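Participant: I'd like to ask you about the structure that follows.
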Amino acid sequence: MKKETATLAGGCFWCIEAVFKHLKGVQSAISGYSGGSVEKAHYDDVSMGTTDHAEAIQITFDPDIISFKTLLDVFWKLHDPTTLNRQGADVGTQYRSVIFYHNKEQQKIAESSKNEADKSGMYQDPIVTKIEPFEQFFKAEAHHQDYYEKNSSSNPYCRIVIDPKITKLYKEFKPLVKTEV
């Protein structure tokens, strides 16, 4: 089994982790922090906006089952890449939209995919997602991992914000969705 890594930021990491874990070929999706200027990241510091880190996920995937391009197709549709430093009520640089490429091939695919999504008419406003080289990733604290699975029935945020993303994933990408997560 092949393994590749993708690192994406698209708002709250609880949301994007929950979505990407449902895709066939995704072996893991880990919540964490990337793109910042400090050598260690912790939720409290990232939330204060003092680290320049974005809430991100690091995806390990099998490119024979799901391509990086397909991951990006899902990424564009399941968050709003046209709002700077914001996803819904989540506001701040930690919620910005970023593709952190791991190699030149990912950079090329990301730039092409962004251009294609921007020209598609999918959004009225231009896409503001940044495409940046991957430098480091800090795994988020344990209580942030698998957050949706652990809290979907008890946390209103999960029902109000994440459930619609999962529903949209099943509606628009059904052939890509695992039968069990």
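Participant: Please count how many residues of region 75-98 are part of a strand (DSSP E or B) and either modelled with pLDDT of 95 or more or out of contact with any Phe, Trp or Tyr (no Cβ under 9 Å at 6 or more places or on another chain) (or both). First the steps, then the outcome.
Facilitator: In the first step, residues of region 75-98 are kept if they are part of a strand (DSSP E or B); the result is 86-87, 90-91, 97-98.
Now restrict to residues that are either modelled with pLDDT of 95 or more or out of contact with any Phe, Trp or Tyr (no Cβ under 9 Å at 6 or more places or on another chain) (or both): 90-91, 97-98.
Final tally of qualifying residues: 4.
Participant: Please tell me if D118 is touching a Pro at 6+ places or on another chain (Cβ under 7 Å) and without any contact (Cβ under 8 Å) to a residue 24 or more places away in the chain.
Facilitator: Values: touching a Pro at 6+ places or on another chain (Cβ under 7 Å): yes; without any contact (Cβ under 8 Å) to a residue 24 or more places away in the chain: yes.
Answer is yes for this residue.
Participant: Let me ask you something else. Select from region 99-127 the residues that are outside any helix (DSSP H, G or I) and either of a type in the set (D, E) or within 20 Å of E55 (Cα to Cα) (or both) and list them in ascending order.
Facilitator: Selection gives I99, F100, Y101, H102, D125, I127.
Participant: Hey, another quick one. I'd like the full set of residues that are touching a Gly at 6+ places or on another chain (Cβ under 9 Å), surrounded by 15 or more Cβ atoms within 10 Å (Cβ to Cβ) and either on the phi > 0 side of the Ramachandran plot or part of a loop (DSSP other than H, G, I, E, B) (or both), limited to region 31-61.
Facilitator: A41, T51, D52, H53
Participant: How about region 137-177: which of its residues are under 30 Å from D118 (Cα atoms), of a type in the set (K, R) and open to solvent by 50 Å² or more (accessible area, probe 1.4 Å)?
Facilitator: Within region 137-177, R159, K168, K171, K174 meet the criteria.
Participant: Any chance you could count how many residues in region 83-136 are open to solvent by less than 60 Å² (accessible area, probe 1.4 Å) and among the acidic types (D, E)?
Facilitator: Residues meeting the conditions: 2.
The values are calculated or read from the model by the stated rules, or taken from the named source; none is laboratory data. Please read these numbers as outputs of a predicted model, since none were measured by experiment. Reconstructed Cβ throughout: ideal geometry from the backbone, glycine too, with neighbour counts over all protein chains shown. To get the accessible areas, we keep the full protein, side chains included, count just its heavy atoms, and leave off ligands, DNA and RNA. Shrake-Rupley method; radii C 1.70, N 1.55, O 1.52, S 1.80 Å.
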